[in-house]
Structures are given as C-alpha cells and as structure tokens.
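See below for the structure under consideration.
Values quoted throughout were computed directly from the atomic coordinates according to the rules given, and no laboratory measurement underlies them. Here the structure is a predicted model, which means the values were calculated and not measured. All Cβ positions, even for glycine, are placed from backbone atoms using ideal geometry, and neighbour counts span all protein chains on display.
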Amino acid sequence: MVDMDTKKTPLYESHVAAGGKLVEFAGYSMPVQYRGIIDEHKKVREAVGLFDVSHMGEFFVRGPKALDFLQKVTINDVSKLEAGQAQYSAMCYQNGGIIDDLIVYRFADAYMLIVNAGNIAKNFDWLLQHVEDGVALTDDSDDYALMALQGRHAEAVLQDLTKIQLSEVKFYRFAEGDVAGRKAIVSRTGYTGEDGFEIAVGPNDAEPVWQSLMAAGSSYGIEPIGLGARDTLRLEMKYCLYGNDIDETTNPLEAGLGWITKLDKGDFIGASVLRKVKEDKPKRKLVGLQLTDRNIARHGYDILHDGVRVGVITSGSLSPSLGYPIALGYVEAELAVPDTELIVQIRNREASAKVVKTPFYKKPY
C-alpha cells in the first residue's frame, strides 16, 4: 500500500499505465514489478529493459576548491577523473563506516554526485558540515529525472534517438547532448552487469523520453523493469546495496570495495582507520554463497560453521539467470575461501551453503 504522502517520480503515470505494482521505496512510489520479477530480470539479461531511477539524488559541487573537497569526503581518487568521466566511490565516517556509495561525474566546470535515494538528506547534511570557502554545494535532485536503459541491445535502441556517438562513450564515461530532442546527460553506467546507459533529463522531459525509448526498443522486445529485478540483477554481480550489504557499521575493505579505497591519495575522512584495517587485515569479509535446493537466505539470517555463528546474510534470492539460490553475507575472514562449507539458519531449519567466487553471473558478450 502506497501512502498518500509518498513522492511520485515524473514517470509515475507511465508506471500506472503499464500496470506496475507500486510500493513505497525511499519515500517514493516506485514500481517493484510489472510482468514479474523473473521475466523482467531475464529480459534485461537477454535483450533490453528500461528502469525509472529518478528517485536517486543529484548534488553539484562547484568552486575553486571543489576537487580538494571531494578528495576529502570520498574514498576514491577524484583527481584521476577527466572531464566526461565518472567514478564509483563511497563516503565514510571518521570510524570507517560507510555513509553511502555514489558515482562522481566530472564536468568541465563542476562535479555531480549521484547518491542513493534513501540517503539524500543524510548525505547532504553531512557534506554541508564539511564545506569550506571555495566550495559551492547544491542539491539539484528535483531538477533531474533519471532512467537506466540496460541490456545488450541498449546501444542500438538509444542510438536511434541521439546524435551522440555512443560507441565512443566508453564504460564510466558520459556525454551531453539530445535524446529524442530533449537535453540529456548520457552515461555508460548501470547497476545490472549488462551494457547500458543512464539518461538524466529535466523532469518535464522524462515522459516523452521514456515513451521514445519504449518505441525505439519495441523491435528488441523492450519492457519497463521494476525494482525487484533491479535487485536480483545487482545481486548476481555482487554489487552492494546500501542498507543491506553496506552501511555505517561496515567498512569498504571488508565489503570488498578495496579497489575504490585509495589509501595512498592523501588524507580523507576515515583514512586513518581504514589504513589500520588494511594493516591488520579485515576480521570479516563479504562473500558470495550458493545454497542447496530452493533455500532462500534473507537479510539478517545467521551463518553457522561447526554449530557456531560466524556471520550474517545481507542479501539473498533465487538467481533467475543461474536457477539456484545465491546470497551475500559477512563471514569471519578465515572462512571467506571458495568451497568453504557453511550453514544458513533459515528460521527453524538449517540449509547447506558454500562460499563461491563472485560475480555469480558473467555476461556472455
């Protein structure tokens, strides 16, 4: 049931018209599914699908000290970005706990941060606490609608609607131009493990661009895709979901995000604690698990080894692509080795599981 006070994205009417099952998510009325999670998941893996992700937040950072500011508040090395390039990163508290994961875009004269919907207010307040002279920070979330076109046919669908040469927009790069005659920022990013693009437009342009994408993709069988399939797609890739796999109680090194944690870039918030974690080695690690039969491990379920609790499940589902149950969970570091046999406590019964290499799924093209 959706509360009357729940916000609506500019694409709300499209979701209703398409028969989307709407739920409250991060304060917004969002489609959890249309035709069904498994069918929608397979559509993205096998062809192309279109997501509404307009609930995400967009902040802009400008000014002569913008780079110094972002170097201080994020864990990746923003100085490595060229104009037209994007970067996956995170922000941490002083104790190394994760505030949020995000994407940093570098424009010629500004930076844009795309943050998780449920963390917009928290993130903005925290960033404001660290703003200094020479930095202008604005929350422009209401000025953008965001769509994710994902799947192996995404480039072919989008190229029909834009003069941007998409073949030249490499992974984690972006370009500004028109899509279906509307001003847009087009980035080769996404959270599904497939090729694809995220398209940011003004709120009034969202509906016509959405309809144009659906029409252009009709010959490829395009469908609108809900949050349910977005979750199973990212899980198959071991992409972390804030609030499940990462939060203020987890640090990026134990979460497998050491590759975006640039401890040698200079000082940043949380750096001293994270250097100590790296030196001492994390005591637990986020691992992929494969379960037997049809046992679905849910967030919060205990992980056991020799009858002793050694960890906790953070995300779990049946994998539509692989046909068996998969999960993510934190376990004691010495158990985070592929083929380690574990037990997941599923209510009043025990289910066998083993640690497996991730990502669970690899795209075949």
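General remarks:
- When E236, E168, E254 are arranged by Cβ crowding within 10 Å, least crowded first, meaning fewest neighbours, the order is E168, E254, E236.
- Point-charge dipole on Cβ atoms (K/R +1, D/E -1) for the chain, about Cα centre, debye to 20: 960
- Residue among L233, A200, N244 farthest towards the positive dipole end of segment 183-289, charges placed on Cβ: N244
- Rounded if a/c under 1.5, otherwise prolate or oblate - segment 57-139, Cα gyration tensor axes: rounded
- Evaluating 6.51 cos²θ - 1.76 cosθ + 1.60 at θ = phi - 60° for every residue in segment 316-325, the Karplus couplings come out as x, 6, 5, 7, x, 6, 9, x, 9, x Hz, glycine and proline recorded as x.
- By the Stokes-Einstein formula, at 0.890 mPa s and 25 °C, the chain with its Kirkwood radius over alpha-carbon pairs has D equal to 115 µm²/s.
- Relative contact order of the chain, pairs being alpha-carbon contacts under 8 Å that are 6 or more residues apart, as %: 17
- Building the convex hull from the alpha-carbon atoms of segment 1-145 and averaging its projection over directions returns 10.6 nm².
- Residue order, fewest to most surrounding Cβ atoms within 10 angstrom, among W210, W259: W259, W210
- Its convex hull of Cα atoms gives segment 26-66 a direction-averaged projected area, equal to a quarter of the hull surface, of 5.0 nm².
- Evaluated over segment 283-365, the Cα radius of gyration and Dmax, each in Å: 11.9, 42
- 3J(HN,Hα) along segment 156-167: 5, 5, 6, 4, 5, 10, 9, 8, 4, 7, 5, 5 Hz, from the Karplus curve 6.51 cos²θ - 1.76 cosθ + 1.60 with θ = phi - 60°, whole Hz, x for Gly and Pro.
- Between the amide H of A47 and those of R152, distances stay under 5 Å, these residues lying 5 or more places away or on another chain, with hydrogens modeled in the peptide plane.
- Most positive-pole-ward Cα, I37, A26, N348, against dipole of the chain from beta carbon charges: N348
- Dimensions in Å of segment 98-194 - Rg and Dmax from alpha carbons: 15.4, 46
- Helix-only mean residue ellipticity at 222 nm for the chain, each DSSP H run of n ≥ 4 adding -39500 (n - 2.57), per residue, nearest 500: -6000 deg cm²/dmol
- Here the Karplus curve 6.51 cos²θ - 1.76 cosθ + 1.60, taken at θ = phi - 60°, turns the phi angles of segment 212-220 into couplings of 5, 5, 5, 5, 5, x, 4, 6, 9 Hz, with x standing for Gly and Pro.
- Gaussian network model of the chain, springs between alpha carbon atoms under 10 Å - residue of H55, H41, H305 with greatest fluctuation: H305
- Proximity of backbone amide H atoms, modeled 1.01 Å from N, is registered between T250 and I98 at under 5 Å, excluding neighbours fewer than 5 places apart on the same chain.
- Segment 17-148, dipole about Cα centre (Lys/Arg Cβ +1, Asp/Glu Cβ -1), debye to the nearest 20: 440
- Of K65/K183; K285/K357; K170/K265; K8/K42, those spanning more than 18 Å from alpha-carbon to alpha-carbon: K65/K183; K170/K265; K8/K42
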